[in-house]
């Protein structure tokens, strides 16, 4: 990312820490850095400036107007600025403020505990996305159900693949298939743009079978090239309510001559289900046939521990919200540590999603995580890009 193109503001009441943060940003190449002593001072300077801010680094404990009140007001004063929370208050308070900011639609890059260092700031600033890209996402019109139905029928939705790498030796062990829609007018659409609609309009089954078919076909290509990578595909709970799901997936694998052990079926937690009996039956039968079963987005969904107790999972995928910024947040470190310990006790492979920085990788290695997935390794890519990327992969370090 070109830091020289960004306008930033440091909101900090103490002179020395403020000057240190400003100096670090300028050393990193940021051309313009504004300063404010408290929230009220920051709001006044934001209202007087004509050019928009890209990133605001904000302390919380300040006189006149503290950081919490400032963040509550900053959305109306400036559109598009990302927030970095920098404070010495206890981690639980930081987490609460971060959640509050996100609930107001603000882009929170992360939390940096004091003292601020170049490494800490570099890690969070690497997550910044320009406002035009975020604005395009917010203003995108909703997808029409008929259009989605046609896209599924005409196979305009296809998997992109994100690699998963074993932390111990940086070896590629698998790839997750993630749905992408090549829309003729709106470009490539991610799953958030159409998966909820598919679930609510009864199209999730057709979409899932399309993804399974395409992912298995790519796994065959990889194997022919000498790569024995596992392929992971997401299955929603409503999809798993179908009576013949286990047999149909087994039949699809058999037609592609793939071993069930090479397939990971990721069960998402986003939706609770009223038809739990067929879901449990299908998952049990899939596991008996040799498929690997992962609990996806662990820690964010519906009764995670209950799901673990009643489904025969083989993998535990820790959600990205517990990974991002974890090296500087003791509460997230505790959650990661307990999740890895739980995975070991249950004989599950642990996978961390959303790994974006070297410090996050190092922490996961220290906590005993098995596999990492995230932008530090690679973004989701079209099928044809997978093998060339793998040929150039040299590790996260």
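Tell me which of these residue 82 doesn't satisfy, since it passes every other one: (1) modelled with pLDDT of 85 or more; (2) buried (at least 22 other Cβ atoms within 10 Å of the Cβ); (3) in contact with a helix residue (DSSP H, G or I) (Cβ under 7 Å, 6 or more places away or on another chain); (4) not assigned by TED's automatic domain parsing to the domain that holds residue 373.
Failed condition: (3).
Please indicate, with yes or no, whether at least one residue in the range 210-218 is within 19 Å of residue 296 (Cβ to Cβ) and under 21 Å from the mean Cα position of the chain (by Cα).
Yes, some residue in the range 210-218 is within 19 Å of residue 296 (Cβ to Cβ) and under 21 Å from the mean Cα position of the chain (by Cα).
For the range 134-249, which fully contained helices (runs of 4 or more DSSP H) count at least 2 residues that are at pLDDT 95 or above and within 24 Å of residue 282 (Cβ to Cβ)?
204-224
Take the residues in the range 152-178 that are in contact with a strand residue (DSSP E or B) (Cβ under 8 Å, 6 or more places away or on another chain) and free of Cβ contacts under 8 Å to residues at least 40 places away in the same chain, then tell me which one is nearest to residue 317 (Cα to Cα).
Looking at residues that are in contact with a strand residue (DSSP E or B) (Cβ under 8 Å, 6 or more places away or on another chain) and free of Cβ contacts under 8 Å to residues at least 40 places away in the same chain, I get 171.
Report yes if some residue within the range 57-76 is assigned to a strand (DSSP E or B) and at negative phi; otherwise report no.
Yes; the residues of the range 57-76 include at least one that is assigned to a strand (DSSP E or B) and at negative phi.
Restricting to the range 333-361, give me the number of residues that are surrounded by fewer than 21 Cβ atoms within 10 Å (Cβ to Cβ) and under 16 Å from residue 124 (Cβ atoms).
The qualifying residues number 4.
Would you pick out the residues in the range 365-386 that are in contact with a helix residue (DSSP H, G or I) (Cβ under 7 Å, 6 or more places away or on another chain), within 15 Å of residue 171 (Cβ to Cβ) and in a helix (DSSP H, G or I)?
Residues satisfying the conditions do not exist here.
How many residues are part of a loop (DSSP other than H, G, I, E, B) and at pLDDT 85 or above when one looks only at the range 270-307?
Residues meeting the conditions: 3.
Listed residues 37, 32; which is surrounded by fewer than 17 Cβ atoms within 10 Å (Cβ to Cβ), more than 17 Å from residue 120 (Cα to Cα), at pLDDT 90 or above and in contact with a strand residue (DSSP E or B) (Cβ under 9 Å, 6 or more places away or on another chain)?
Going through 37, 32 in turn, just one is surrounded by fewer than 17 Cβ atoms within 10 Å (Cβ to Cβ), more than 17 Å from residue 120 (Cα to Cα), at pLDDT 90 or above and in contact with a strand residue (DSSP E or B) (Cβ under 9 Å, 6 or more places away or on another chain): 32.
Could you say whether any residue in the range 262-269 is in contact with a helix residue (DSSP H, G or I) (Cβ under 9 Å, 6 or more places away or on another chain) and in a helix (DSSP H, G or I)?
Looking for residues that are in contact with a helix residue (DSSP H, G or I) (Cβ under 9 Å, 6 or more places away or on another chain) and in a helix (DSSP H, G or I), one finds at least one in the range 262-269, hence yes.
The values are calculated or read from the model by the stated rules, or taken from the named source; none is laboratory data. None of the values given here were measured: they were computed from a predicted structure. Note that each Cβ is placed from the backbone with ideal geometry, even for glycine, and that neighbours are counted across all protein chains shown.
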